[in-house]
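Student: One structure coming up, written as structure tokens, with questions to follow.
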Amino acid sequence: MYSFSEVQRFRIRWAWLGIIILNGFFLYIITMQLVMGKPVGSRPAPTWVLVAAETFLMLLFLFVSSIRLQTTFNLSGIQYRYFPFQIKPRVIEWEQLTDAYLRDYQSFKEFGGWGIRSGSAASGRLLNTNESGKAGLQLRFKNGKLLLIGTKNPAAVQKVLDVVIASGKINRII
């Protein structure tokens, strides 16, 4: 059975840079005030405020680093999970679809960004990360709804799709 799996992570450099700089800043202030005993500024913040801010920033760092889109494409269907927003993987069987094809898209123009997004009725929903690139697998369900799943390896997804179409599980509309 032919199968393809990929994991995409949240990789926006400016967001990571901001989180790291803020963490470094608060760690510096905490070190100066608690370890060195030197207050920072003319009106230093209470210790509990600094510790609470640093705890929040560390939790934010852990949360952002845990974000990932896991997808598997095989002959039985598509399995995806956008962790930590979706705890259990979701499964789409090919029989639920009337059409599936790769297409190029512009995440910001069509959906307003990355992640689990809703577009217009013509574009449907989106699952992607900034690592997805510009290609995605467009799915059209029997109930008319649309879902676009971003991929960083469209050639591998196309191979699975070709096998699925050849097996007759999807009647590709041309």
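Student: Taking only the Cα atoms of region 11-66, how large is their convex hull per residue, in Å³?
Tutor: Convex hull volume per residue, Cα atoms: 70 Å³.
Student: May I pose another question? When N is the residue count of the chain, what does its C-alpha Rg come to as a fraction of 2.2 N^0.38 Å? Working shown, then result.
Tutor: Working: Rg = 21.9 Å, N = 174, 2.2 N^0.38 = 15.6 Å.
This ratio for the chain stands at 1.40.
Student: Based on other C-beta atoms within 10 Å, arrange Ile21, Ile87 from fewest to most.
Tutor: With the sparsest Cβ surroundings first, the list reads Ile87, Ile21.
Student: To make sure I understand the rule: partners must be lysines, Cα under 20 Å from the Cα of Lys169, and not fewer than 8 residues away in the same chain. Which ones qualify?
Tutor: Cα-Cα hits under 20 Å: Lys142, Lys145, Lys159.
Student: Right, something else. Test of understanding: what is the full-extension gain from Met32 to Leu17, defined as 0.36 nm times their sequence separation minus their Cα-Cα distance?
Tutor: Here the segment from Met32 to Leu17 would lengthen by 3.2 nm.
Student: Using a 7 Å offset from the Cα along the Cα-to-Cβ direction at both Asn143 and Gln106, what is the distance between the two label points in nm, to one decimal?
Tutor: Label at Asn143, label at Gln106, 3.1 nm between them.
Student: Could you name the aspartates and glutamates in cross-link range of Lys38, using Cα to Cα under 20 Å and dropping any fewer than eight places away on the same chain?
Tutor: Candidates past the 8-residue exclusion: Glu54.
Student: Another question about this same structure. Hey, rough spin-label estimate for Glu93 and Val49, points 7 angstrom out along Cα→Cβ, what's it come to in nanometres?
Tutor: Distance between the two pseudo-spin positions: 5.9 nm.
Student: Students often forget the sequence filter, so: which aspartates and glutamates lie under 19 Å Cα-Cα from Lys134 once same-chain residues fewer than 8 apart are removed?
Tutor: Glu6, Asp104, Glu110
Student: Can you tell me the orientation of helix 154-166 relative to the chain, as the angle in degrees between its alpha-carbon axis and the longest Cα principal axis, to the nearest 10?
Tutor: For helix 154-166, the angle is close to 30 degrees.
Student: To the nearest 10 degrees, how steeply does helix 47-66 sit against the main Cα axis of the chain, on a 0 to 90 scale?
Tutor: 20 degrees
Student: While we're looking at this one, here's another question. Of Val35, Val160, Val7, how do they rank once you tally other Cβ atoms within 10 Å and put the fewest first?
Tutor: Ascending number of Cβ neighbours within 10 Å: Val35, Val7, Val160.
Read-outs: derived from the displayed coordinates by stated rules, not from any lab. On a predicted model such as this, the values are computed, not experimentally measured, just so you know. Methodologically, a virtual Cβ is constructed for each residue, glycine included, from the backbone with ideal geometry; neighbour enumeration extends over all protein chains shown.
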